[in-house]
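First the structure, in the form of structure tokens, and then the observations on it.
No lab work stands behind these numbers, since they all come straight from the coordinates. Everything numeric here is computed off the predicted structure, so don't read it as measured data. Here Cβ is always computed from backbone atoms with ideal geometry, including for glycine, and neighbour counts include all displayed protein chains.
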């Protein structure tokens, strides 16, 4: 395998939607160091529409499955051919997966050309984006004599750019729904576990928050912002869940977008929205990356590691709860979510005694 004369960096990460948003911190810093685009080997149908055209992103190679035996997977063989053709270059392996290792071995990307995340585990209280930025400062052994200009930005969060064409397209899409002239508040109720196998497996879904509480939040937003549209986002399987919560809320001006929300449209919608209330999810990370203010409900996941961390000036209010002494989203009360949203958007409720305000939650 020949050396890539330009030493073009490669990042390997087969992660979920939110994982790939977090990865933009690594891509940005590698792009700044090497002054060239970063190629990506990834998986999942979300990676290309999420990252294609973003600053610093080069070629994206996507795999549907790493579990299929190599000789039965034309897709894996094609990826290996493409990696060999691009030549040796510094490679950041951001997965703990033997199948990924075997693909890189077949492509001739040997250990001296790799920075492996398994050799550089998370530090205490380190956020995922901080770990990726730390890895960007580590070069593979084969490249350590190469002079680099260094990282040129102090920005530490994640960022996604929304193009003018995306913004225009989402306005046209909203116009067809008759709400292009209305401010927009967004809600993300479900997550990838919500409708798995067509069932709401609440017992194993640590990101479940009861429908009655979501309905109460919808009623509060309608009262607070009577002229705003409320959009329920998610993937296709979450459409029915959204519809049931909207029916339970019994208010007008609620729109279920989950049946028609490809990723480029989702990003533009998040960039346009006044706020988002969401469970810990991929859209939460995307919202932070495009600058949408949000309230995020966490269950068992550690906010210190996975809280959305996006563009400067985009506030993120993180809520946590406990049940029987254990972290649980079910321990987050409806009033806490309403108070956090009120503080986020600057809403002050009217009461019989005059104007009152809730105590703002901590914003991280």
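Summary table
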{"quantity": "Most fluctuating residue given options 334, 68, 278, as computed from a GNM of the chain linking Cα atoms under 10 Å", "calculated": "68"}
{"quantity": "Highest-fluctuation residue, 230, 179, 187 considered, GNM on the chain with Cα pairs under 10 Å", "calculated": "179"}
{"quantity": "Inter-site label distance for residue 182 and residue 260 at 7 Å from Cα along Cβ, in nm", "calculated": "1.4"}
{"quantity": "0 to 90° range, to nearest 10: angle between helix 24-34 axis and the chain longest Cα axis", "calculated": "40"}
{"quantity": "On Cα atoms only, tilt of 164-176 relative to the major axis of the chain in degrees", "calculated": "30"}
{"quantity": "Residues 263, 233, sorted so that the one with the fewest Cβ neighbours within 10 Å comes first", "calculated": "263, 233"}
{"quantity": "Against the rule of thumb 2.2 N^0.38 Å, how large the Cα Rg of segment 164-355 comes out", "calculated": "0.98"}
{"quantity": "Using a Förster distance of 41 Å, the FRET efficiency for residue 119-residue 330 (Cβ separation, nearest 0.05)", "calculated": "0.60"}
{"quantity": "Largest-first principal axis extents, alpha carbons of segment 54-137, Å", "calculated": "42, 27, 26"}
{"quantity": "Principal-axis tilt of helix 334-345 within the chain, Cα atoms, nearest 10 degrees", "calculated": "70"}
{"quantity": "Among beta bridges that DSSP assigns inside the chain, antiparallel share in %, nearest 5", "calculated": "10"}
{"quantity": "Of 114, 167, 144, the one that fluctuates the most in a GNM where the chain has Cα springs shorter than 10 Å", "calculated": "144"}
{"quantity": "Reciprocal mean inverse distance between Cα atoms of the chain - Kirkwood radius, Å", "calculated": "21.9"}
{"quantity": "For 120, 31, order by how many other beta-carbon atoms lie within 10 Å, fewest first", "calculated": "120, 31"}
{"quantity": "Label-point separation in nm, residue 169 to residue 212, each point 7 Å along Cα→Cβ", "calculated": "4.2"}
{"quantity": "For 176, 192, order by how many other beta-carbon atoms lie within 10 Å, fewest first", "calculated": "176, 192"}
